[in-house]
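The values are calculated or read from the model by the stated rules, or taken from the named source; none is laboratory data. Since the structure is predicted, the reported quantities are computational estimates derived from the model, not experimental observations. Virtual Cβ from ideal backbone geometry, glycine too; neighbours counted across all protein chains shown.
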Amino acid sequence: TRSREATHTGVRRRTHRRRKKIPKEQEAESKRKRIIIQRGEKEKPEERGGEQRERTGNPLDMAIEGEGFFTVQTPAGPAYTRDGRFSLDAAGQLVTRAGQPVLAGGGPLTLDPTAGNVAVARDGSVSQNGLLVGALDIVAFDTPAGLEKLGDNLWRATDEAPRPPQALRVASGFIEGSNVNAIEQITQMIEISRTYQSVSKMISQADELRATSIEKLARVG
């Protein structure tokens, strides 16, 4: 009986210690987040759905969750980027870090720096002081290998036409892990897709050559 009581007591004590540890961790984490919010500091990059995001608190900083690219105006035509570190130029246009206008509805998105707060919804629509200003032109591609790298985190479409992304979600006040991890992943994806297309083209050419050879042999016979 004493052995059973000792065993039960030991179990209760161990269980009690385990249960006390969890609330302390949660309390410390909550306290850390409250301090970050109060000080206005940036949080460390966080993993969400396989993508790193860093909180900035700037509504003009945007991160796309999942597939999609922002459309940017360049002298050579539209280009595409996932680098959402945007700002306003002297004319009030939303621009990239290199100064290219970010497109919404086919044209530059212009905001009034004195008109009040800017809000970006998850579908990419931009409002100021509660009034809709425009919707960002966010597109996706079935074959990323069709994109040509331009520099400044910009890509240009070649043969493939852009399409609307599936399940679009834009996170305002975030950037994609300093935009390094996401861009590297896109580059790797493009290289893999190009290799796949190259191999597929070789196989297709081999099939055509074999078919031509068989046709010639049939004619000789």
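Within the set of pairs 6 or more residues apart or between chains, which connect a residue that is at positive phi inside region 108-133 to a residue that is aliphatic (A, V, I, L, M) and assigned to a loop (DSSP other than H, G, I, E, B) with Cβ atoms less than 7 Å apart?
Note: pairs meeting the criteria are GLY124/LEU168; ASN129/ALA115.
Being within 15 Å of PRO59 (Cβ to Cβ) and surrounded by 15 or more Cβ atoms within 10 Å (Cβ to Cβ) is the filter here; which residues of region 120-137 pass it?
If the condition is that a residue be within 15 Å of PRO59 (Cβ to Cβ) and surrounded by 15 or more Cβ atoms within 10 Å (Cβ to Cβ), then VAL120, GLY124, SER125, VAL126, SER127, GLN128, VAL133, GLY134, LEU136 are the ones that fit.
Could you pull out every one of the strands (runs of 3 or more DSSP E) wholly within region 132-221 that has 2 or more residues that are among the acidic types (Asp, Glu) and modelled with pLDDT under 90? Walk me through how you get there before you give the answer.
Values: elements: 147-151, 154-157, 169-172.
By residue number, no strands (runs of 3 or more DSSP E) qualify.
Tell me yes or no: at least one residue of region 22-42 is modelled with pLDDT under 50, within 30 Å of GLY124 (Cα to Cα) and in contact with a strand residue (DSSP E or B) (Cβ under 7 Å, 6 or more places away or on another chain).
Looking through region 22-42, at least one residue is modelled with pLDDT under 50, within 30 Å of GLY124 (Cα to Cα) and in contact with a strand residue (DSSP E or B) (Cβ under 7 Å, 6 or more places away or on another chain).
Looking at region 70-110 only, could you name the residues that are crowded, with 22+ Cβ neighbours inside 10 Å, under 23 Å from GLY57 (Cβ atoms) and hydroxyl-bearing (Ser, Thr, Tyr)?
Correct list: THR81, THR96.
Could you run through region 98-123 and say how many residues are within 16 Å of VAL72 (Cα to Cα), of a type in the set (Gly, Ala, Ser) and either touching a Lys or Arg at 6+ places or on another chain (Cβ under 9 Å) or not in a loop (DSSP other than H, G, I, E, B) (or both)?
Selection size over region 98-123: 2.
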